[in-house]
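Inspection log for the structure reproduced underneath, given as structure tokens.
The values are calculated or read from the model by the stated rules, or taken from the named source; none is laboratory data. From a predicted model like this one, the values you see are computed outputs, not experimental measurements. No Cβ is skipped: glycine too gets one built from the backbone with ideal geometry, and neighbour counts run over all protein chains shown. In case anyone asks, the SASA skips ligands and DNA or RNA and just uses the protein heavy atoms, side chains included. Shrake-Rupley method; radii C 1.70, N 1.55, O 1.52, S 1.80 Å.
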Amino acid sequence: MSKSIATAVAHPNIAFIKYWGNRDDALRIPMNASLSMNLAALSTTTSVEFRCDLQQDDLLIDGQSAAPAALQRVSAFLDIVREQMPEKQHAIIISRNNFPMGAGIASSASAFAALAAAASHAAGLDLDEAALSRLARRGSGSACRSIPAGFVEWLPGREDESSYAVSFAPAGHWNLVDLIAVVNRTHKEVGSTAGHALAATSPLQSARVSDCPRRLALCRQAILEKDFVAFAAIVELDSDMMHAVMQTSTPPLLYWEAATLELMQKVRSWRSQGLPVCYTIDAGPNVHVLCQQQDATQVEELLEQITAAQAVYRSDTGSGVQLV
Ligand code: PMV
């Protein structure tokens, strides 16, 4: 029996300039460039074993058989890898997160980055970083940003070949910390794949997209110069603009809850009192609170005093995907 196996570890990432809406939904070619950092403290480890004796793929996540919808999404992704295999085989996929799946922390970026690296390696494909990033993008757009290390920019491109992510500063460049304040652990009703498809229905999306190069340049420059004041201003603006698009699409998506708003206001009032801190929010109610290492313990303590924050996860900037 022929078999080939590989294991990879990847971190999720938090976007400072957000990706929302696709030029091509099937290929996940985004409408705009985005910018993020990987989160060292959180990781997904995935093994893929292609075997000639399997009739279908088998997916275990954190020790449990995956739901049919998750298996279908992973199998469709593996079909892209199988297209390039001389002998098409099904696989056993075993994936573990070091953070609870139901914690309200998106795991699709680390999941598809680890899966892309493990599956392509197990299949004997020798992909460079850009090709691996393009492959991960097909599973979840933001997963392409979890392939390179540290601070990452997703070059949007216009077709498959030109849409991939690159690192523009290593993980050690700036001591940024992400404190994720979890206010709701339940799964969101409208996931990001369905959300991207609604973006174009908002009259605000074209303004958000056309202004993106300006915001991205300011954010990249703030990171390169380690200018937290400039960073905070552009990161909050970008997050608020994405949520304005979400809230004005048809049907509208409102991911914020009362606790989300409470945290946004708290972060702004701490900043007005001189604490260098800002927020960013993805397609869910939880609030990513960003600061520098020297302020992280104080910010963490402040967050822990807020009853609405059920848990706080703390992470430094992380490396890219790695085979183990
Ligand atoms: O990769 P997806 O399809 O889960 O989309 C991610 C979208 C946001 O998290 C809201 C923004 C981003 O750039 O990560």
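The lone criterion from (1) aliphatic (A, V, I, L, M); (2) open to solvent by 10 Å² or more (accessible area, probe 1.4 Å); (3) in contact with a helix residue (DSSP H, G or I) (Cβ under 9 Å, 6 or more places away or on another chain); (4) within 14 Å of the ligand (Cβ to nearest atom) left unmet by I105 is number (3).
Per-residue answers, yes or no, for (1) away from the ligand (no atom under 16 Å from the Cβ); (2) of a type outside the set (S, T, Y); (3) within 24 Å of R28 (Cα to Cα); (4) surrounded by fewer than 19 Cβ atoms within 10 Å (Cβ to Cβ):
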position	(1), (2), (3), (4)
D62	yes, yes, no, yes
S75	yes, no, yes, yes
V81	yes, yes, yes, no
S95	yes, no, yes, no
N98	yes, yes, no, yes
L115	no, yes, yes, no
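For the stretch 184-208, the tally of residues that are open to solvent by 70 Å² or more (accessible area, probe 1.4 Å) and free of Cβ contacts under 8 Å to residues at least 60 places away in the same chain stands at 4. The number of residues in the stretch 1-47 that are within 16 Å of the ligand (Cβ to nearest atom), under 21 Å from Y279 (Cβ atoms), part of a loop (DSSP other than H, G, I, E, B) and not charged (D, E, K, R) comes to 6.
When only residues in the stretch 132-151 that are part of a helix (DSSP H, G or I) and hydroxyl-bearing (S, T, Y) count, which is nearest to the ligand (Cβ to nearest atom)? Looking at the filtered set, the residue picked out is S142.
Residue pairs whose Cβ atoms lie under 7 Å apart, sitting 6 or more positions apart in sequence or on different chains, and linking a residue in the stretch 277-288 that is within 12 Å of N13 (Cα to Cα) to a partner that is within 9 Å of the ligand (Cβ to nearest atom) and open to solvent by 10 Å² or more (accessible area, probe 1.4 Å), are D282/A106.
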